[in-house]
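Written below as structure tokens is the structure these notes are about.
FYI, it's all coordinate maths here, none of it is from the lab. Source: prediction; values computed, not measured. Note: ideal-geometry Cβ built from the backbone for every residue, glycine included; neighbour counts use all protein chains shown.
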Amino acid sequence: MTRISFFFMMASFMSCAQPSPQFETEQLLGKKEISLAGNGCQLLPQAADAFEQMKAAAKKEGIKIKAVSSFRSYQRQRAIWNRKYKANAKAGLSPQKNIQKIIQYSTIPGTSRHHWGTEIDIVDGAIPPEGDVLLTRKFHNSGPYEPLRKWLEAHAQDYGFICAYPDDSERPGFSYEPWHYSYAPLSRPLYKAYLKLDLKEALSDLDMEGSNHLDQAFLMAYRESHVKGINPVLK
Ligand SMILES: [Zn+2]
């Protein structure tokens, strides 16, 4: 083998061994139509396959995993934000308090991990829903979803799913969400790409309720606390 052909062989081997995925900004912000799959949910096809395998395994142990939220577009996140903002404003909250309240659990449109098709909010579908299902107390203290939580904590990682916002007082940003799981093999490279975005520029055309109160300093602080305040296993 000549030195040159050896070089090309090694170069192509290296590029296969270390793929560097490229993501468009629009995809990272939930503004791109992406191919999704899933039975009762919308995830990237590889994540949807893993989710089905996890569901089947849980079913054998009497847990009926059900997705209540998966892929969310920018427009959908914007609608959620606007609904919450209007309700809080009606209840008399100042714009600053309003925003702080929303970002306990909900994201600014364009910053949700749900935009990526790798995230899923899970409950036990065998239990008839009563009111809000995504409440921490329902996953603890003999609540209806406690067996589901314990099963997920023991087994979800075997299928690539990791709790994105675990119960850790050191973790900044969103409150503890025992229901929110992330398909790590795909969300890790998406997260890395997201951190390379210039968030100020990417969100420069925010057109939602209260956006005139989100200045650049706020967005930079939010990036540090809320975007980066995830389970370290997902970084
Ligand atoms: Zn979620």
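What the table below lists for this structure:
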item: Loop-located trypsin sites (Lys or Arg not before Pro) in region 139-225, at most 14 other Cβ atoms within 10 Å (DSSP); result: Lys196
item: Student exercise, the chain dipole from Lys, Arg, Asp, Glu Cβ charges, in Debye to nearest 20; result: 140 debye
item: Sites Ala56 and Asp215, calculated FRET efficiency, Cβ-Cβ separation with R0 41 Å, nearest 0.05; result: 0.30
item: Farthest positive-ward along the chain dipole, Cα basis, beta-carbon charges - from Leu195, Tyr74, Gln27; result: Tyr74
item: Burial ranking of peptide ranges 177-190, 46-59 (average Cβ count within 10 Å, highest at the top); result: 177-190, 46-59
item: DSSP-assigned coil residues among GluC sites (Glu not before Pro) in region 103-172, each with at most 12 further Cβ atoms within 10 Å; result: Glu130, Glu170
item: Whether the chain is rounded, prolate or oblate, judged on the alpha carbon gyration tensor where a/c under 1.5 counts as rounded; result: oblate
item: Environment charge of Val68, counting only residues whose C-beta is closer than 13 Å and scoring Lys/Arg +1, Asp/Glu -1; result: -1
item: Full-stretch length increase - Glu201, Gln46 - with 0.36 nm per residue and alpha-carbon distance subtracted; result: 52.7 nm
item: Subset of Lys66/Lys101; Lys66/Lys196; Lys101/Lys196; Lys66/Lys192; Lys64/Lys196 violating a 30 Å alpha-carbon distance limit; result: Lys66/Lys196; Lys64/Lys196
item: Mean residue ellipticity (222 nm) of the chain, computed from DSSP H runs ≥ 4 via -39,500 (n - 2.57), nearest 500; result: -11500 deg cm²/dmol
